[in-house]
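One structure below.
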Amino acid sequence: MKKAVVLFSGGVESSAVLYFYLSRGWIVYPVYVKTGQFWERFEYRKVIHLWEHTRKRYPNLMPLRVIPLKAVCSRPRSINTEKQLFIPLRNLTLLTAVGNYALSKGAYQIGLGSLGLYPFPDNNLEYIKQVEDIMSKGAGVKIKVDVPLFGLEKSEVIKRFKNLVPFHLTFSCVNPVIKDGKILHCGKCIKCKERKEAMAQAF
């Protein structure tokens, strides 16, 4: 059977990529990379919930692997919750972090939920291809970095996958809040605004 490692953060895009492979019968190894950002302790709990929900439907979903990189990762250039956060070397860091794990599982395809919408220097196909080439040379085998959602708007992703992905369980927030013991979106940060607008357009 085909195998893929998916960078899985529990947001709209990474969840869509996860289901993209699962629904096609691939064996999927989800990976959550902890980079030391303050929202991750909340996000990770939501990721676990979504993984558990998905595992009940797809036996080809493998255990969630957590890779900690706190000691080596950069903080966002800005923590203004109304602007996109630029985290230097983010895609390179994430992809190389899962490289050896992918090799250990015989999974030579890595799924990334990038849409290519933001003008960050590491958010384009040329850059991703270069990272793919470097990883393949270093590994001695061909590694494919797959971006199946590239070029789509977030609302288009939701429209395409809304009958497949439980988007109500997805979570992406820069400043999560706790209310009555539940982890909730703050509703004010750029991630929340984008998610809300995309949901409104898709449903």
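Any read-out appearing in this document is the output of simple, stated calculations on the displayed coordinates, not a laboratory observation. On a predicted model such as this, the values are computed, not experimentally measured, just so you know. Using ideal geometry, Cβ is built from the backbone for each residue, glycine included, and neighbour counts are taken over all protein chains shown.
Here are the numbers for this structure:
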| item | result |
| --- | --- |
| Qualifying lysines (Cα of each under 22 Å from Cα of residue 196; at least 8 residues distant if same chain) | 46, 83, 154, 159, 162, 179, 182, 188 |
| Karplus-derived HN-Hα couplings along region 101-110 (A = 6.51, B = -1.76, C = 1.60, θ = phi - 60°), whole Hz, x at Gly and Pro | 5, 4, 4, 5, 9, x, 10, 9, 10, 10 |
| Separation of the residue 92 and residue 150 label points, Cα + 7 Å toward Cβ, nm | 1.8 nm |
| Charge context of residue 181, other residues only, Cβ under 14 angstrom, K/R +1, D/E -1 | +3 |
| Calculated [θ] (222 nm, deg cm²/dmol) that DSSP helices of n ≥ 4 give over the chain, each run adding -39,500 (n - 2.57) | -12000 deg cm²/dmol |
| Set of aspartates and glutamates near residue 137 by C-alpha distance (under 19 Å), chain-local residues within fewer than 8 positions excluded | 126, 146 |
| Amide proton proximity set for residue 144, modelled H, under 5 Å, gap of 5+ | 109, 110 |
| Surrounding net charge for residue 5, when Lys and Arg each add one and Asp and Glu each subtract one, Cβ distance under 9 Å | +3 |
